[in-house]
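Undergrad: Next up is a structure, given as structure tokens.
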There are 2 protein chains.
Amino acid sequence: MINVAILGFGVVGCGVAEVLKINSESIAHRAGQEIKVKWILDIRDFPDSPYADILTKNADDVFNDDSVDIVVETIGGVTFAADFTRRALMSGKSVVTSNKELVATQGPELLQLAKENGVSYLFEASVGGGIPIIRPLNQCLAANEINGITGILNGTTNYILTHMKKDGKSFEEALKEAQKNGYAEQNPTADVEGHDTCRKLAILSSIAYNEYVNPENIYTEGITKITTDDMKYAEAIDSVIKLIAISRKVNGKIFTRVSPAIISKEHPLANVEDVFNAIVVKGNAIGDAMFYGRGAGKMPTASAVVADIIDIAKHPDFGTNNVWVRNNDNNILAIGDSMSKFLVVVEAGNIEEAKKDICTVFDQELKFVEIGSKNNQFAFITPVVVEKELKSNISRLKELNSIDSVLNAIRIEEE
Amino acid sequence: MINVAILGFGVVGCGVAEVLKINSESIAHRAGQEIKVKWILDIRDFPDSPYADILTKNADDVFNDDSVDIVVETIGGVTFAADFTRRALMSGKSVVTSNKELVATQGPELLQLAKENGVSYLFEASVGGGIPIIRPLNQCLAANEINGITGILNGTTNYILTHMKKDGKSFEEALKEAQKNGYAEQNPTADVEGHDTCRKLAILSSIAYNEYVNPENIYTEGITKITTDDMKYAEAIDSVIKLIAISRKVNGKIFTRVSPAIISKEHPLANVEDVFNAIVVKGNAIGDAMFYGRGAGKMPTASAVVADIIDIAKHPDFGTNNVWVRNNDNNILAIGDSMSKFLVVVEAGNIEEAKKDICTVFDQELKFVEIGSKNNQFAFITPVVVEKELKSNISRLKELNSIDSVLNAIRIEEE
């Protein structure tokens, strides 16, 4: 029998207890032994909980109990969660978590600590909710050199963008709808500014390239500046706008970016709608493989946590050997040095003159895009350019008499 | 160091040697030790092969070599492959294979033999080529009761259907194109009649329900009767036709079926085009998760074989405990007792009279579908009916004076 302690009895922690209960038989079959929840730690009172007899507010109950094999950390954040995770690992207990912030920021040290103590630190639930992605990267695609990841990793922003496109809603209206339906927090910053996606991309990239990628070094841009006009320009070139997390291994350097991007309707990520997430992994043998499903939610996330528990139950040495080395940051390609294609939206009094001037600035013929509803607006598509050069070209455009303003510049992602 | 012997130096066998070579460094890192190809067994001569010094025609070289830990069976078929697999397992060597026919037909006995000898019999590459699906079912989704699988499991038929739809080609024309491009065999029966899909569905279902599903008990219908008109009817209801493998756990019984089916363009499988495969797994905690990628090809398939090798290298007891029990066949729901919705295409001289008669036979108002190009043809959509009742209703339709013929009846899959 394996004894588990759940730290933090919120949505996910509660889901873990529930999954272990409703699927206990098949889980025991797969794990080769029964898995029992021995303790649930939370500072709150749950007087009517069916788990009343195993609820405790005293962390010592958990850490001094030698019969506890696995600690589930579903507290979130990086204060208590970090302390408890360290304490668990140091007392020889494996830790399973859904805490992306902690993994993304302190992963190298926690994995090292796990290794030193001969236990596991697993976090399948930290990215993509229930979608199996960490384990496929570590195991199923182990025969591949991974050279790229492209993903939709945040359900809130994908819901907002989906409804901006489908219902012609503004960002603010779609955000309100998402909040009303429980898909966005009252303070939505971490989602809409891309921070949540950034942490998840840091975790995936660290696994893919066997090298720690610090979220602080990932260029991150949210979706707050995307307008319904931008959506129409994308539609006009048979494309959609998504919040895309991307990372690539380019000439030994790692390039990572979180930003809104225009992708063709033929792209496998284009049909990922509402709160769904999907991740495309590029391997040198497999080519592209995609993983798709609900990126959040109580039961999907809990099912990923429990999959980690089962793996430890089956193979006590599972994942004891994973380490991320915290390098200096020279392995990250600066955003300014990266290459992209852009759709740039401009406002101009004299459209024809503005187009001629833009071609002069870019020193070549460009493709222009118009949407019926706007007389003084159009967009153009740049060639693939180094980003800092684009920035300087946009500054030059702003100085032109023919151009009133540059409204937006959105990357076009073709891979 | 782990020593591997490859039996059968065809496309996949050759790919395995290649993947182990080009990614040797990262594979050794992930496996925790070097993986070396010690022998390659094939009856053919490969005089110019760089592997000349390890090629042998004598199986004893492999089986009498105690240093060989893992045997890769990429022979195919069920004669030599079965004998060699047994011999390997009985001599304490784990076996890794891409041979779906052997796994689907003799899986229970081979898994049992592996267990008795304390070794593994792994077959990630047998379904979905490089797409990780066996391991996710066994591990990542281990916390779930799996209650359904829906998939596009065969690249050849998906390529044919894609080009029938996109280019308006007939089945025969699209098949010829597929053959010309190397996506269909000269004898395409196993693919176009659905047998290949059937075997893969048997394997996935056996894993999902912890109970052996014999491919002989899976109702299987190929795509040879699908016409370009059928494609147009599907288009008229915003749908596409795919060769769909489906299995469900319904009231303790297993329902499985391989057949062409109409799916809405909103269905996650609708955009799986050309030779790509995808599998949707329905779990009671995770909801729907989808796995997508190249379902065949040398390097993707080889990468799945090598992932199995790495797992055995890391955990010598990996998968030693999987068994499939060969039940009597009463656990399979007969196709006639299953429920489906159909689109039925009919030919009639007097369209209005025919429609009236059809509603009488089905005893309710029905939805009719027309495509511009055909004056004497239309389709109707049935409610969800027990299949044997539909069959008897279609017999009744054929006897009606108002109906000249029933051209096709295609299932509509909504889940």
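Undergrad: How many nanometers, to one decimal and shortest first, lie between the label point of residue A:236 and those of its other copies, if labels sit 7 Å from Cα toward Cβ?
TA: 3.6
Undergrad: Give me the residues in the stretch A:253-294 whose solvent-accessible area, probe 1.4 Å, is reduced by at least 30 Å² once all protein chains are included instead of the chain isolated.
TA: Those residues are A:271, A:284, A:285, A:286, A:288, A:290, A:291, A:292.
Undergrad: Over all directions, average the projected area of the Cα convex hull of the stretch A:173-225 and note it in nm². Don't skip to the answer; put the middle values down first.
TA: Numbers: hull surface 17.1 nm².
Projected over every direction and averaged, the Cα hull of the stretch A:173-225 covers 4.3 nm².
Undergrad: Next question. Treating only the Cβ atoms of Lys and Arg (+1) and Asp and Glu (-1) as charged, compute the dipole magnitude of the protein assembly as shown about its Cα centre; round to the nearest 20 debye.
TA: Working: 84 positive and 114 negative charges, 31 e Å.
Charge dipole, the protein assembly as shown, about its Cα centre: 160 debye, nearest 20.
Undergrad: So which residues in the stretch A:133-147 end up with at least 50 square angstrom less accessible surface once the other protein chains are there, compared with the chain by itself, probe 1.4 angstrom?
TA: A:139, A:140, A:142, A:143, A:145
Undergrad: Note the distances from residue A:46 to each other copy's matching label point, with points 7 Å along the Cα-to-beta-carbon direction, in nm, sorted shortest first.
TA: Once sorted, the set of distances for residue A:46 reads 5.8 nm.
Undergrad: Using alpha carbon coordinates only, what is the Rg to Rh ratio of the stretch B:259-334, with Rh defined as the Kirkwood radius?
TA: Across the stretch B:259-334, the Cα-based Rg/Rh ratio is 1.05.
Undergrad: How large is the charge dipole for the stretch B:335-413, taken about the Cα centre, if only the Cβ atoms of Lys, Arg (+1) and Asp, Glu (-1) carry charge, to the nearest 20 debye? Can you show the working numbers first?
TA: Numbers: 10 positive and 13 negative charges, 29 e Å.
Value, rounded to 20: 140 debye.
Undergrad: Still on this structure: Which FRET efficiency, nearest 0.05, do residue A:251 and residue A:381 yield, Cβ-Cβ r, R0 22 Å?
TA: Working: r = 26 Å, r/R0 = 1.19.
That pair, residue A:251 with residue A:381, gives E of 0.25.
Undergrad: Report, in listed order, any pair from A:169/A:374; A:176/B:265; A:176/B:282; A:242/B:232; A:115/B:314; A:169/A:225 with a Cα-Cα distance greater than 21 Å. Display every interim value, and only then the final one.
TA: Values: A:169/A:374 17 Å; A:176/B:265 28 Å; A:176/B:282 31 Å; A:242/B:232 31 Å; A:115/B:314 15 Å; A:169/A:225 14 Å.
The pairs that break the limit, which is 21 Å between Cα atoms, are A:176/B:265; A:176/B:282; A:242/B:232.
Undergrad: Mind checking the angle between helix A:195-209 and chain A's longest principal axis? C-alpha axes, 0 to 90 degrees, to the nearest 10.
TA: That helix lies at roughly 70 degrees to the long axis.
Undergrad: Solvent-accessible area of residue A:18, probe 1.4 Å, all protein chains present, reported in Å² to the nearest ten, please.
TA: Counting only protein heavy atoms, the figure is 70 Å².
Undergrad: Here's a follow-up. If all Cα-Cα distances of the stretch A:1-126 are sorted into 5 Å bins from 0 onward, what percent lands in each bin, rounded to whole numbers?
TA: 2, 11, 22, 25, 21, 14, 5, 1, 0
Undergrad: Additional query: Considering only A:208, B:108, B:127, whose Cα is most displaced toward the positive end of the charge dipole of the protein assembly as shown, charges sitting on Cβ of Lys, Arg (+1) and Asp, Glu (-1)?
TA: Among A:208, B:108, B:127, the one farthest towards the positive end of the dipole of the protein assembly as shown is B:108.
Undergrad: Over the alpha-carbon set of the stretch B:335-413, work out the extent along each principal axis and list the three values in angstrom, largest first.
TA: Principal extents (Cα only, largest first): 34, 24, 20 Å.
Undergrad: With springs only between Cα atoms under 10 Å, which of B:296, B:31, B:304 fluctuates most in a Gaussian network model of chain B?
TA: B:31
Undergrad: How much solvent-accessible surface does residue B:41 expose, in Å² to the nearest 10, with a 1.4 Å probe and all protein chains in place?
TA: Result for residue B:41: roughly 10 Å² accessible.
Undergrad: To the nearest 10 degrees, how steeply does helix A:387-399 sit against the main Cα axis of chain A, on a 0 to 90 scale?
TA: 40 degrees
Undergrad: Evaluate the relative contact order of the stretch B:134-295 (contact order divided by residue number), counting alpha-carbon pairs under 8 angstrom at least 6 apart; express in whole percent. Don't skip to the end; give the middle numbers.
TA: On the way: 306 pairs, mean separation 53.8, N = 162.
Answer for the stretch B:134-295 is 33 percent.
Undergrad: So what is the calculated 222 nm ellipticity per residue for chain B, using -39500 (n - 2.57) for each DSSP H run with n of 4 or more, over all residues, to the nearest 500 deg cm²/dmol?
TA: Numbers: 13 runs with 146 residues, N = 415.
Per the formula, -10500 deg cm²/dmol.
Undergrad: Given C-alpha coordinates of the protein assembly as shown, what is the ratio Rg to Rh with the Kirkwood estimate of Rh? Present the calculation step by step, with values, prior to reporting the outcome.
TA: Details: Rg = 28.3 Å, Rh = 28.7 Å.
Using Cα coordinates only, the ratio equals 0.98.
Undergrad: Here is a further query. Roughly how much accessible area, to the nearest 100 Å², goes out of reach of solvent when B and A pair up, both sides summed, probe 1.4 Å?
TA: Working: alone 18090 and 18120 Å², together 32350 Å².
Answer for the B-A pair: about 3900 Å² buried.
Undergrad: Compute the FRET efficiency between residue A:83 and residue A:179 as 1/(1 + (r/R0)^6), taking r as their Cβ-Cβ distance and R0 = 35 Å, and round to the nearest 0.05.
TA: Approximately 0.65, to the nearest 0.05.
Undergrad: Continuing with this model, one more query. Whole-Hz ³J(HN,Hα) for each residue in the stretch A:32-45, computed from phi via Karplus 6.51 cos²θ - 1.76 cosθ + 1.60 with θ = phi - 60°, x for glycine and proline: what do you get?
TA: Karplus values, whole Hz, x for Gly and Pro: x, 6, 5, 10, 10, 7, 8, 9, 10, 9, 7, 7, 7, 8.
Undergrad: Now a separate question. Only loop residues by DSSP count here, and only those with at most 16 other Cβ atoms within 10 Å; note down the chymotrypsin sites (Phe, Trp or Tyr not before Pro) in the stretch B:6-51 that meet that.
TA: On the way: sites: B:9, B:39, B:51; in loops: B:9, B:51.
Answer in residue order: B:51.
Undergrad: Run through the other copies and list how far each one's label point is from that of residue B:173, in nm with one decimal, shortest first; the point sits 7 Å from Cα along Cα-Cβ.
TA: 4.5
Undergrad: For the protein assembly as shown, which whole percent of the accessible surface, found with a 1.4 angstrom probe, sits on carbon and sulfur atoms?
TA: On the way: 15190 of 32350 Å².
That fraction is 47 percent.
Undergrad: Another question, if that's okay. Taking Cα atoms, how many degrees apart are the long axis of helix A:351-362 and the longest axis of chain A, rounded to 10 and kept between 0 and 90?
TA: 70 degrees
Undergrad: So, one more: Output needed: percent of Cα pairs per 10 Å distance bin for the stretch A:134-295, bins running from 0 to the one holding the longest distance.
TA: Computed distribution, short to long bins: 11, 40, 34, 13, 1.
Undergrad: Does a label point 7 Å from the Cα of residue B:211, set along Cα-to-beta-carbon, have any residues of the stretch B:301-335 with amide nitrogen under 13 Å, and which are they?
TA: B:325-334
Undergrad: How long, wide and thick is chain B, going by the Cα atoms along their three principal axes, in whole angstroms, largest first?
TA: 77, 46, 34
Undergrad: Please give the per residue accessible area of the stretch A:134-295, computed with a probe of 1.4 Å over protein heavy atoms only, in Å².
TA: Numbers: 5200 Å² over 162 residues.
Ligands and nucleic acids excluded, the result is 32 Å² per residue.
The values are calculated or read from the model by the stated rules, or taken from the named source; none is laboratory data. Every value quoted in this text rests on a predicted model; they were computed, and no experiment measured them. Neighbour counts are summed over all protein chains in view; Cβ atoms, including those assigned to glycine, are modelled from backbone coordinates with ideal geometry. With ligands, DNA and RNA removed, areas are computed over all heavy atoms of the protein, side chains included. Shrake-Rupley method; radii C 1.70, N 1.55, O 1.52, S 1.80 Å.
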